[in-house]
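Structure first, commentary second.
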Amino acid sequence: MDVKRAVVCAFPPAFAQALGGALRERGCEMERTERLDPTWAGFRRADVVICALPDESEAVFRSFLDSVQVMRIARDGLPIFCTCNGVDVGRIVQAVKAGVSDFAVWSCAEDPPPPRLLRWAEELTPRKSAGGEPAGDSFHGLLGRSAAIRKVFDLISKVGATTSTILITGESGTGKELVCRALHQTSRRSGGPLIPVNCGAIPEELLESELFGHEKGAFTGATTAREGRFQMADGGTIFLDEVSEMSPKLQVKLLRVLQESEFERVGGNKTIHVDVRIVAATNRDLEKSVAAGEFREDLYYRLNVIPVHLPPLRERKEDIPLLVQSFTRRFQEKDLTPLRTVHADAMAALSAYPWPGNVRELENLVERMAILAEQPELCLEDLPERFRPSAPAGRGEEDLSSFDIPEEGIDLREFMDRIENQLIERALEMSGGVKNRAAQLLGLNRTTLVEKLKKKNLEVAKLL
Ligand SMILES: Nc1ncnc2c1ncn2[C@@H]1O[C@H](COP(=O)(O)OP(=O)(O)OP(=O)(O)O)[C@@H](O)[C@H]1O
Ligand SMILES: [Mg+2]
């Protein structure tokens, strides 16, 4: 039977817990996220979005309205239900105009969730499992039929129910975040929160307070006490993404949480106990980081209790046709593309390509091809140059002898500039526009990449 999925956004823990229980009773799995961010992959799996109407500044509310509008375009027909504390009628009207489907007042976590909301959950029809893939090719949002990915599905089924710490490894774009969600959903904590933290994207000085919270006055600007993500994840799972990027000081603090399940807030001395399952992920080789003295060995062993490795897409090519079909179907369902089939030559080229950006790169390419398509069939000529058999392999071993200098000479600086632009565009394409990852692919700091983009006037949006 297909499971109904509700994505619950921006609710404080007590509200989320109440919702989790009520939704489960109605056959609905809950995934939790802090913001209505339409780029988050979890929304693709949702049958309903339930969101607390922001009661913060006008700027936060505006960005919420923008997100509702984007979600409306990206997933037409997806119900977005809002709860509010009943104070700001003006905001409710604006939210409904932006595309919110329905709303109800819910101001106290001790009260049960509004009956109107629960009716939505009850009457929901689940989407067909990831676009009607044959049973067995899809596992909690992860698609695949290769022996390698099936091993991962089996491992998740086995270890999901345990409370052991898990370390997910694999190149960028292989599906580590999806694996974490699958682990959470198969665990007994699935009704509890799943709180993601991207340790690589949060500046070091903020990460400690983000993870562990802070007391009022702990540092300049800490005007109120705030709970950290470990506390938010109590009773559920915390996903420490890009864990290799943690500073040595935070590594020590994390080790203590792993050993004793306790910590203090920044600027506080009260010890806080939590019941949290830790799932960490990295696309780096942590053993190398340990050998280089950048990552604590004791922490590595504590995290790596159960390793889950996601093989790169080029090592599970059997999954490529399934992924291509499933990603295309998303657009067909919304009538956004005339594309129906992929010619055998084009599929062979897609299968032969090494996919350095893995599933994310494939997903982005299919999205672009679907939107640009004018015919029902995708042919080899429709694919970008690099998929044609004569194109260089693109893994850093290109034969540069094919570059020749014409008689009239070249402008070396301008030529190098063009190559640099192309490589930057390619890295952004492979990383789905995420500058952090693109910088990693190019071996640059994020700030260096951002400066280059500014200087070159390269627009990320244009490239995607
Ligand atoms: N097996 C899969 N089936 C369906 N979609 C997938 C699969 N693997 C990855 N994806 C999709 O590819 C994209 C990248 O996946 P995800 O964010 O989980 O990768 P990641 O390993 O966490 O990458 P990074 O290291 O860059 O953070 C997402 O949109 C995700 O939905
Ligand atoms: Mg990730």
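The values are calculated or read from the model by the stated rules, or taken from the named source; none is laboratory data. Just so it is clear, the structure is predicted and the values come from calculations on it, not from any experiment. Quick reminder, even Gly has a Cβ in these numbers, built from the backbone with ideal geometry, and neighbours come from all protein chains shown.
Okay, here's what the table says:
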| quantity | calculated |
| --- | --- |
| Every residue from the stretch 196-213 that is at pLDDT 90 or above and within 16 Å of ligand 2 (Cβ to nearest atom) | P196, V197, N198, C199 |
| Given (1) of a type in the set (V, I, T); (2) more than 10 Å from ligand 1 (Cβ to nearest atom); (3) at pLDDT 95 or above, number of the condition T174 does not satisfy | (2) |
| Candidates I168, I156, I149 - the one that is within 16 Å of ligand 1 (Cβ to nearest atom), in contact with a Cys (Cβ under 8 Å, 6 or more places away or on another chain), within 26 Å of A281 (Cα to Cα) and not assigned by TED's automatic domain parsing to the domain that holds Q69 | I168 |
| Filter pass, L463 being under 24 Å from R330 (Cβ atoms) and modelled with pLDDT of 90 or more | no |
| Every residue from the stretch 161-195 that is within 16 Å of ligand 2 (Cβ to nearest atom) and farther than 22 Å from E361 by Cα | I166, L167, L183, H184, L194, I195 |
| Failed criterion for N445 (all others in (1) farther than 22 Å from E242 by Cα; (2) out of contact with any Leu (no Cβ under 6 Å at 6 or more places or on another chain) hold) | (1) |
| Residue in the stretch 141-152 that is within 26 Å of T174 (Cβ to Cβ), modelled with pLDDT under 90 and within 16 Å of ligand 2 (Cβ to nearest atom) present | yes |
| Hey, R72 of a type in the set (K, R), closer than 30 Å to G175 by Cβ and part of a loop (DSSP other than H, G, I, E, B) or not | no |
| Flag if V100 is assigned to a helix (DSSP H, G or I), touching a strand residue (DSSP E or B) at 6+ places or on another chain (Cβ under 9 Å) and of a type in the set (V, I, T) | no |
| Candidates L78, L19, L36, filtered to the one that is in a loop (DSSP other than H, G, I, E, B) and in contact with a Phe, Trp or Tyr (Cβ under 7 Å, 6 or more places away or on another chain) | L36 |
| Any pair with Cβ under 9 angstrom, 6 or more apart, that starts in the stretch 169-187 at a residue that is under 15 Å from L240 (Cα atoms) and ends at one that is more than 10 Å from ligand 1 (Cβ to nearest atom) and acidic (D, E) | T169/D285; R181/E31; H184/E31 |
| A182 under 16 Å from the mean Cα position of the chain (by Cα) and part of a helix (DSSP H, G or I) | yes |
| Search result, residues across the stretch 259-289 that are touching a helix residue (DSSP H, G or I) at 6+ places or on another chain (Cβ under 7 Å) and at positive phi | none |
| Residue match in the stretch 298-314 (condition: within 11 Å of ligand 1 (Cβ to nearest atom), surrounded by 15 or more Cβ atoms within 10 Å (Cβ to Cβ), among the basic types (K, R) and over 20 Å from G200 (Cα atoms)) | no |
| Elements of type helices (runs of 4 or more DSSP H) contained in the stretch 286-337, each with 2 or more residues being closer than 19 Å to R150 by Cα and in contact (Cβ under 8 Å) with a residue 24 or more places away in the chain | 319-333 |
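So that you can scan it fast, the table gives a plain yes or no per residue for (1) loosely packed, with under 10 Cβ neighbours inside 10 Å; (2) over 25 Å from V366 (Cα atoms); (3) at pLDDT below 60:
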site	(1), (2), (3)
F387	no, no, no
D411	yes, yes, no
R418	no, yes, no
N421	no, no, no
E425	no, no, no
